[in-house]
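Notes to accompany the following structure.
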Amino acid sequence: MHRFWSLLFAAVNMACLALLVVAYAYPGLGWWLPDSASTQANEIDSLFYLITGLCAFFFVATQGILIYSLWRFPSTAPGSPSPIHGHPGLEIGWTIAPLVGLLVITAASLPVWKEARYQGFPPPALEGTNPLPPEADQVILVTARQWDWHLKYATESLPAEGIRQWASVGNPSDLIIANELHVWKGAKVSLLLRTTDVIHSFFVPALRLKQDTLPGKTIPMRFEATVSNVRFDPAEGRVVPNETKASWEIACAELCGGNHFRMRGKLFVHPDRKSYDAWLDHSRRQTRSRSLTAMLPNASSSNQKEGALQ
Amino acid sequence: MNHDSHPAPGNFLTKYVFSGDHKIIGIQFLFSGLLFWILGGLLALGVRLQLGWPNQALNELLKWFPSLADSIPASWGSRISPEFYTMLFTMHATVMIFFVVVPWLGGAFGNYLIPLMIGAKDMAFPKLNMLSYWVLWPAFFFLLASFFVDGGAAGSGWTAYPTLSSATQNADIPDPGLDAAAKATTPTNPPSPTSMEPGLWERIKNRWNSPAAGQSGQGQVYWLLALIFSGTSSMMGSVNYITTILNCRAPGMTLMRMPLTVWGMFVTAILQSLALPVLTVALIMQFLDRTVGTVFFLPPAGLAFGNWQTGTGGGQPLLWQHLFWFYSHPAVYIMILPAMGMVSDVLVAFCRKPLFGYKPMVFSMIGIAGLGFIVWGHHMFQSGMDPRLGTGFMAATVLIAVPSAVKIFNWLATIWGSRIRFTSASLNALAFISMFIIGGLSGIYMASTPVDIYIHDTYFIVAHIHYVLFLSSMFGIYAGIHFWFPKMFGRTMNDSLGKVHFFLTFLLANGTFFPMHILGIRGHPRRYYDPTIFDWLASVQPLNQFVSICAILLGLVQVIFLANFLFSIFFGPKSGRNPWEANTLEWETPSPPGHGNFETTPIVLHGPYEYAVTTAINGRFSQTGLNRDQIQQGNHP
Amino acid sequence: MNALADYPSPTLEVPTFPSAKLAMWLFLATEVMLFSGLLAGCYVLKAGATGGNPNLWPTREQTHIQPWLGTLNTILLVVSSLCLSFALNALKSGNIKGTMGGFGLGFVLGSAFLGIKAWEYRDKFHHGLIPGSIAEAINNNQTHDSKRMQMLSSGQRVWLDLQRGQLEKYVHDHPNQQGPDMVAAKAFLASLRDGKKANGDYIRPLSPVEAAQEANRILEKYPDLPVYPALPNGNLWASFYFTLTGIHATHLFAGLILIAICLIRAISGGLPPENLDFAENTALYWHFVDLVWLFLFPLIYLI
Ligand code: HEM
Ligand SMILES: [Cu+2]
Ligand SMILES: [Cu+2]
């Protein structure tokens, strides 16, 4: 009977491990990381696998010892328990070993974190009359509200007074659409995230990008897409999926009320700037007749929502 | 003994209700925790019902319980409403954390065990102790009443982030549409001067009835009040515990001879007394924001909701997160350190072998507690906090995993070379260790800031929480209940039923919570009412359903435990003083101990874990050096 | 192996620190954390809101803070602390009259503090300084960008309502007054109301922001009119003021109850000199509450 418990612990732990392995080994199941489509996504995934490797080692070792002990040392086993109170050498060893592993993880994490977040903090782009962050090809203002995303695309070069002015007032020709993020492959995209009501969190799984929007603040974020999933078809006047057939979504990751789960958007990565520009031009012509006032907090959003094209 | 001794209680009321006896108070905490445990479990099943069968939840429910049909509002159809759903998970977490795990570990076991284990007659302040239980009742009241107020109970998550939880409309324009229009059309007829300034009470009511979201209205105010009272209770308890442990130990009970349970409680009490006041401040601030209109968490420009706006602000929503996590990160250790101590004691008693590395175990607890104060920011990596701070918090968080690992290694070394008796108590304790490994490892993923970008606020976090709180702390509590039940009630719980319960719970809890890692790796955000509207989550819906089925079964299985517990109180086989042949002081008193605990003041000669002593008659030394036979005959020196 | 030899024989540990006092110190430690959290939070918020610019914080005149009242209150508290110390000493030396006198005077001084505080609160309310309903235009117009102005205007309807009510009451209560201040008050009131002139012209009422600016202008000329000023970050200021002093006053009130108990016990002879714990803890707590005030006083009255 005592062996039974050892086996139970073994079975449960192995089942857990097996679930992970199956999820990893059969991507068709859709139980593992979704597509990764940005430079940051690739780096985060590598880090994820590094941690998984170290954790798997630790997991197998410790659970193995536990399960073996249960097997080997039940009260029915011959002999008597050993009267050991401790062992300084062992203590030191097993303090240092995990420390080393953890420091490896930290060291590997730092550059990725720096790359993902340090630029633009504190946001220089928003101070004074700085124009664009110099390296950005594209600036998109994302305004969250209960319960959708409004994305503002600049169609001309940004005003001389700088990006801050653009973010709060904008150009008449700006394109504002709901829930669609359009970028092109290789573009260095600079997002400005803000909200008019509660905290939301802009989450794009395929980009491994997530950032809360904080009331009263504008938070810069950057990414660079590495795979494209659509192109603009001028004949049909809309974006069509390309051969990857990938459909990438945007979600909200911070509780923002009853319809939190409804803040679904889509990510469209064009193959190049040409396709993107064509889309932008087309969308703008479609919405030109409508008066696109700057996105004031309480402005009625109906005309902005319709700008979307599908 | 140096505490104010108090007279033995006379009548029923002073004996069982307004009792100052730490044992009665502990049992009071145990039973109220039990009731809330059932409530919290039912709320969780509501959550799982929705996630397993989105939009069909009520149909599924009615299949099984047709009699519920009348109590479901017709307007709901077959759906739980999204707002109701937010209330379910908010109140589930609130109940489980603040009304089950904390009261059980700190309130029930802390009260019951500390004086017994250190050889004291009672707590240092029996009256304060009694008060610490009874101020929980206002908390119970507000918590339960909040389900019945307009708009229902709180629904902004157990973390209650502003501005969702705190934004309110201007007090004086409760209905912006009508009121403004009415004022505009009758300019020549100004309201009488006296009626111009609304009373304070009206302003307060207007505010709390005009929330940012349907679920953060009056219920949120009640939530805040409930937490303020439960915090007061914990604060009183902590001050009492620290004083008792420092001042009321029996002769010879040096700090380094205290059982780890007492160490766990001691460190927890210190954590709590230093961290809780900060939460109290935050709760008061949010309370004032919601009622009298202060602007602590309202950003300078105010907020604009669909058809209404708040007043002018001036504060910062992020401040709440800092204050909240400054408490709530230590709080997660408050919810596990006592369990770690209890598990160590249970484990050693059934391994019949000294605890490996007593001092490292103590120091790692202290280390966890100390580092616990500087890692709160790891909950805020994606919150908009300066990322350079995030880097610092990552470093601290990584360090805190080291003492956790040290504890695991020491437990393993304790088991190694022992002779384990498999009982319900020891199995639950072993499961604690095995499962805490998983919970600790998932913590490392989140400590790495870049990986946390992706898994923050996904089901990965939910998996982590439940591996450390359900599969660790709760298993620790199960172990503790099985182990100390004989002391509390003088009878033992049925071991076979206990093992059946353990077996099923162990399987089903893993079935419920392990797949959540997969959901999280897939990117499934937490607190989602219906993930199926997302294409990329469609593939994990079968897992969601599997989890729900396991969760429902897991809930059912707890009936075994409940039945065993209640039945054994009255009909379990009588146990002697020391059914497990353990060494610590509580086993030298009758079961249950009488008023004043010890017949004579125990004199402590040994550390708590002197097992496998070859020179001793029974292979062990109890802490007072008595051997078993003497104890059972009650022959005290 | 002689296991027993490893263990020194037990020493009876007599706690050097009495439990009651230890518990009081622990409680004070939690209180320190409470006030630190509060003050740190306030500091961060203020720094965030003003960015270090003093023009973006209400002045003492605008908030009707009277340092001399604060100073008086400080003196009251310090003297009351001394009284309690005196009472304790008297108690130790068995001088029960002195004990009663010390506690009695301490109680009176503490109550006087609360009385002054209550008067100050009333004064603040009287000047419309209620958190959440203060207009926030502009000292010198810096840094309030247009977006913020938009939002402010929406948030100031409360203020506007209060303002209108206040003026209406004033005009109503002084039917016979015709001075220039009354003319200004009436004109201001009219400009707040939507309506038509006698000749039928439509007048647009002032927007809240305009009204706030106008209010400040009027106040400069006629400071005695019941016009609520517009204060930069006034709502945050009011939040701090009432929360900090309110929490402190609550503590003080609890302290008064403790002192009253001591006093009653002293009168009824229930304070034995051998058992000083309760009286000592009361004094300790009272000193702590004083100490907190010594932090709050400069923060609120001097800066
Ligand atoms: C090895 C040690 C641990 C590490 C490194 C660790 C790390 C973390 C991190 C980084 C987070 C934030 C994740 C996020 O929101 O993105 C987190 C969340 C959490 N942890 Fe841990 N943790 C550890 C142990 C524990 C223990 C022992 C407990 C409780 C007994 C615990 C309870 C929680 C809870 C409740 C949350 C989620 C709070 C929420 O957002 O609702 N953790 N942990
Ligand atoms: Cu959301
Ligand atoms: Cu934490």
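The values are calculated or read from the model by the stated rules, or taken from the named source; none is laboratory data. Worth saying up front: this structure is predicted, and the values here are computed from it rather than measured. Glycine gets a Cβ as well: all are built from the backbone with ideal geometry, and neighbour counts include every protein chain shown. To get the accessible areas, we keep the full protein, side chains included, count just its heavy atoms, and leave off ligands, DNA and RNA. Shrake-Rupley method; radii C 1.70, N 1.55, O 1.52, S 1.80 Å.
C:Gly51: surrounded by fewer than 21 Cβ atoms within 10 Å (Cβ to Cβ) and not charged (D, E, K, R), yes or no?
In short, yes.
Could you tell me whether the range B:105-117 includes any residue that is open to solvent by 10 Å² or more (accessible area, probe 1.4 Å) and assigned to a helix (DSSP H, G or I)?
First, the residues of the range B:105-117 that are open to solvent by 10 Å² or more (accessible area, probe 1.4 Å): B:106.
Pick out the ones that are also assigned to a helix (DSSP H, G or I) and you get B:106.
The answer is yes; a qualifying residue exists.
Restricting the range A:191-244 to residues that are away from ligand 1 (no atom under 16 Å from the Cβ) and among the aromatic types (Phe, Trp, Tyr), which is nearest to A:Asp277 (Cα to Cα)?
Filtering the range A:191-244 for residues that are away from ligand 1 (no atom under 16 Å from the Cβ) and among the aromatic types (Phe, Trp, Tyr), the one nearest to A:Asp277 (Cα to Cα) comes out as A:Phe232.
For residues that are in contact (Cβ under 8 Å) with a residue 24 or more places away in the chain and not in a strand (DSSP E or B), scanning just the range A:199-215, find the one that is surrounded by the most Cβ atoms within 10 Å (Cβ to Cβ). Let's see the steps before the verdict.
In the first step, residues of the range A:199-215 are kept if they are in contact (Cβ under 8 Å) with a residue 24 or more places away in the chain; the result is A:199-210, A:212-213.
After this cut, where a residue has to be not in a strand (DSSP E or B) as well, the list is A:199, A:205-208.
Values: A:Ile199: 24, A:Pro205: 28, A:Ala206: 24, A:Leu207: 30, A:Arg208: 28.
Per the criteria, the residue is A:Leu207.
Residue-wise test of (1) within 26 Å of the chain's Cα centre (by Cα); (2) assigned to a helix (DSSP H, G or I).
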site	(1), (2)
B:Leu543	no, yes
B:Val547	yes, yes
B:Ala551	yes, yes
B:Leu562	yes, yes
B:Phe565	yes, yes
B:Ala582	no, no
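Taking the range B:320-354, which residues are more than 10 Å from ligand 1 (Cβ to nearest atom) and more than 14 Å from chain A (Cβ to nearest Cβ)?
B:Leu323, B:Phe326, B:Tyr327, B:Pro330, B:Pro338, B:Gly341, B:Met342, B:Asp345, B:Val346
Given the conditions (1) crowded, with 24+ Cβ neighbours inside 10 Å; (2) under 23 Å from B:Leu224 (Cα atoms), and given that B:Leu260 satisfies all but one, which numbered condition is not satisfied?
Exception for B:Leu260: condition (2).
Could you list, in sequence order, all residues of the range B:249-303 that are more than 14 Å from chain A (Cβ to nearest Cβ) and on the phi > 0 side of the Ramachandran plot?
B:Gly252, B:Gly293
Would you mind finding the one in B:Phe470, B:Phe506 that is open to solvent by 10 Å² or more (accessible area, probe 1.4 Å), away from ligand 2 (no atom under 16 Å from the Cβ) and touching a residue at least 40 places away in the same chain (Cβ under 8 Å)? Walk me through how you get there before you give the answer.
Numbers: B:Phe506 fails: open to solvent by 10 Å² or more (accessible area, probe 1.4 Å).
Sole residue among the options that is open to solvent by 10 Å² or more (accessible area, probe 1.4 Å), away from ligand 2 (no atom under 16 Å from the Cβ) and touching a residue at least 40 places away in the same chain (Cβ under 8 Å): B:Phe470.
Residues in the range C:279-289: is at least one over 30 Å from C:Arg60 (Cα atoms), assigned to a helix (DSSP H, G or I) and at pLDDT below 85? Outline the logic, then answer.
From the range C:279-289, those over 30 Å from C:Arg60 (Cα atoms) are C:279-285; that's our starting set.
Subsequent filtering for residues that are assigned to a helix (DSSP H, G or I) retains C:279-285.
Add one more test, that the residue is at pLDDT below 85, and what stays is none.
No.
Could you count how many residues in the range B:234-248 are of a type in the set (S, T, N, Q) and open to solvent by 10 Å² or more (accessible area, probe 1.4 Å)?
Quick first cut of the range B:234-248, residues of a type in the set (S, T, N, Q) only: B:234, B:238, B:240, B:243-244, B:247.
Retained after the next criterion (residues that are open to solvent by 10 Å² or more (accessible area, probe 1.4 Å)): B:234, B:247.
Here the count works out to 2.
Which of the residues that make up the range B:308-318 are open to solvent by 10 Å² or more (accessible area, probe 1.4 Å) and in contact (Cβ under 8 Å) with a residue 24 or more places away in the chain?
Residues of the range B:308-318 that are open to solvent by 10 Å² or more (accessible area, probe 1.4 Å), as a first pass: B:308-309, B:316, B:318.
Of everything in the range B:308-318, those that are open to solvent by 10 Å² or more (accessible area, probe 1.4 Å) and in contact (Cβ under 8 Å) with a residue 24 or more places away in the chain turn out to be B:Trp308, B:Gln309, B:Leu318.
For B:Ser344, indicate whether it is closer than 19 Å to B:Gly106 by Cα and surrounded by 24 or more Cβ atoms within 10 Å (Cβ to Cβ). Spell out the reasoning first.
On the way: closer than 19 Å to B:Gly106 by Cα: yes; surrounded by 24 or more Cβ atoms within 10 Å (Cβ to Cβ): yes.
Answer is yes for this residue.
Quick one: in the range A:11-57, of everything that is β-branched (Val, Ile, Thr) and under 20 Å from the mean Cα position of the chain (by Cα), which residue is farthest from the other protein chains (Cβ to nearest Cβ)? Give the steps one after another, and end with the answer.
We begin by selecting, within the range A:11-57, every residue β-branched (Val, Ile, Thr); these are A:12, A:21-22, A:39, A:44, A:51-52.
Retained after the next criterion (residues that are under 20 Å from the mean Cα position of the chain (by Cα)): A:39, A:44, A:51-52.
On the way: A:Thr39: 12, A:Ile44: 5, A:Ile51: 6, A:Thr52: 8 Å.
Among those that are β-branched (Val, Ile, Thr) and under 20 Å from the mean Cα position of the chain (by Cα), it is A:Thr39.
Using beta carbons and a limit of 9 Å, which pairs, at least six apart or on different chains, have the first residue in the range C:277-303 and open to solvent by 10 Å² or more (accessible area, probe 1.4 Å) and of a type in the set (Asp, Glu) and the second one at pLDDT below 90 and not in a helix (DSSP H, G or I)?
Going by the 9 Å Cβ cut-off, the qualifying pairs are C:Asp277/C:Pro18.
Residue check: is B:Ser539 more than 27 Å from the chain's Cα centre (by Cα), open to solvent by 10 Å² or more (accessible area, probe 1.4 Å) and more than 7 Å from every other protein chain (Cβ to nearest Cβ)?
Details: more than 27 Å from the chain's Cα centre (by Cα): yes; open to solvent by 10 Å² or more (accessible area, probe 1.4 Å): yes; more than 7 Å from every other protein chain (Cβ to nearest Cβ): no.
So B:Ser539 fails the test.
I'm trying to understand the selection: among the residues of the range C:35-51, which are touching a residue at least 12 places away in the same chain (Cβ under 8 Å) and in a helix (DSSP H, G or I)? Explain how you work it out, then say what you get.
Here is the first cut: in the range C:35-51, the ones touching a residue at least 12 places away in the same chain (Cβ under 8 Å) are C:35, C:38-39, C:42, C:45-46, C:49-51.
Within the range C:35-51, C:Phe35, C:Leu38, C:Leu39, C:Cys42, C:Leu45, C:Lys46, C:Ala49, C:Thr50 qualify.
Does B:Val267 satisfy the condition of being over 18 Å from the mean Cα position of the chain (by Cα), buried (at least 23 other Cβ atoms within 10 Å of the Cβ) and not assigned by TED's automatic domain parsing to the domain that holds B:Thr414? So that I can check it myself, show each step before the final result.
Details: over 18 Å from the mean Cα position of the chain (by Cα): no; buried (at least 23 other Cβ atoms within 10 Å of the Cβ): yes; not assigned by TED's automatic domain parsing to the domain that holds B:Thr414: yes.
Taking the combined requirement at face value, the residue does not satisfy it.
Tell me, yes or no, whether the range A:78-96 has at least one residue that is in contact (Cβ under 8 Å) with a residue 40 or more places away in the chain and at negative phi.
Looking only at the range A:78-96, we keep the residues that are in contact (Cβ under 8 Å) with a residue 40 or more places away in the chain, and these are none.
No, the range A:78-96 contains no residue that is in contact (Cβ under 8 Å) with a residue 40 or more places away in the chain and at negative phi.
How about the range C:264-276: which of its residues are of a type in the set (S, T, N, Q) and touching a residue at least 24 places away in the same chain (Cβ under 8 Å)? Give the derivation first.
Within the range C:264-276, the subset of a type in the set (S, T, N, Q) is C:268, C:275.
Result: no residue meets the conditions.
Conditions (1) open to solvent by 20 Å² or more (accessible area, probe 1.4 Å); (2) over 30 Å from C:Ile218 (Cβ atoms); (3) at pLDDT below 95, marked per residue:
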{"site": "C:Trp57", "(1), (2), (3)": "yes, no, yes"}
{"site": "C:Glu61", "(1), (2), (3)": "yes, no, yes"}
{"site": "C:Trp68", "(1), (2), (3)": "yes, no, yes"}
{"site": "C:Ser85", "(1), (2), (3)": "yes, yes, yes"}
{"site": "C:Gly102", "(1), (2), (3)": "no, yes, yes"}
{"site": "C:Arg122", "(1), (2), (3)": "yes, no, yes"}
{"site": "C:Gly128", "(1), (2), (3)": "no, no, yes"}
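Do you know which residues across the range A:78-102 are surrounded by 14 or more Cβ atoms within 10 Å (Cβ to Cβ) and either of a type in the set (A, V, I, L, M) or under 24 Å from the mean Cα position of the chain (by Cα) (or both)?
Selection gives A:Ile84, A:Leu90, A:Ala97, A:Leu99, A:Leu102.
Of the residues that make up the range B:379-391, is at least one surrounded by 23 or more Cβ atoms within 10 Å (Cβ to Cβ), without any contact (Cβ under 8 Å) to a residue 24 or more places away in the chain, among the aromatic types (Phe, Trp, Tyr) and within 11 Å of chain A (Cβ to nearest Cβ)?
No, the range B:379-391 has no match at all.
In this structure, does B:Ile400 turn out to be near ligand 1 (Cβ under 8 Å from one of its atoms), farther than 20 Å from A:Leu54 by Cβ and part of a helix (DSSP H, G or I)?
When the stated conditions are applied, B:Ile400 does not pass them.
Just name the residue that is farthest from the other protein chains (Cβ to nearest Cβ) out of those in the range B:355-378 that are in a loop (DSSP other than H, G, I, E, B) and buried (at least 20 other Cβ atoms within 10 Å of the Cβ). Walk me through how you get there before you give the answer.
Step one: filter the range B:355-378 for residues in a loop (DSSP other than H, G, I, E, B), giving B:355-357, B:373-375.
Filter once more, so that each one left must be buried (at least 20 other Cβ atoms within 10 Å of the Cβ): B:355-357, B:375.
Working: B:Leu355: 8, B:Phe356: 6, B:Gly357: 4, B:Val375: 13 Å.
Among residues in the range B:355-378 that are in a loop (DSSP other than H, G, I, E, B) and buried (at least 20 other Cβ atoms within 10 Å of the Cβ), the one farthest from the other protein chains (Cβ to nearest Cβ) is B:Val375.
Checking B:Trp416 against (1) surrounded by fewer than 24 Cβ atoms within 10 Å (Cβ to Cβ); (2) within 13 Å of chain A (Cβ to nearest Cβ); (3) more than 28 Å from A:Ala77 (Cα to Cα), which single condition isn't satisfied?
(3)
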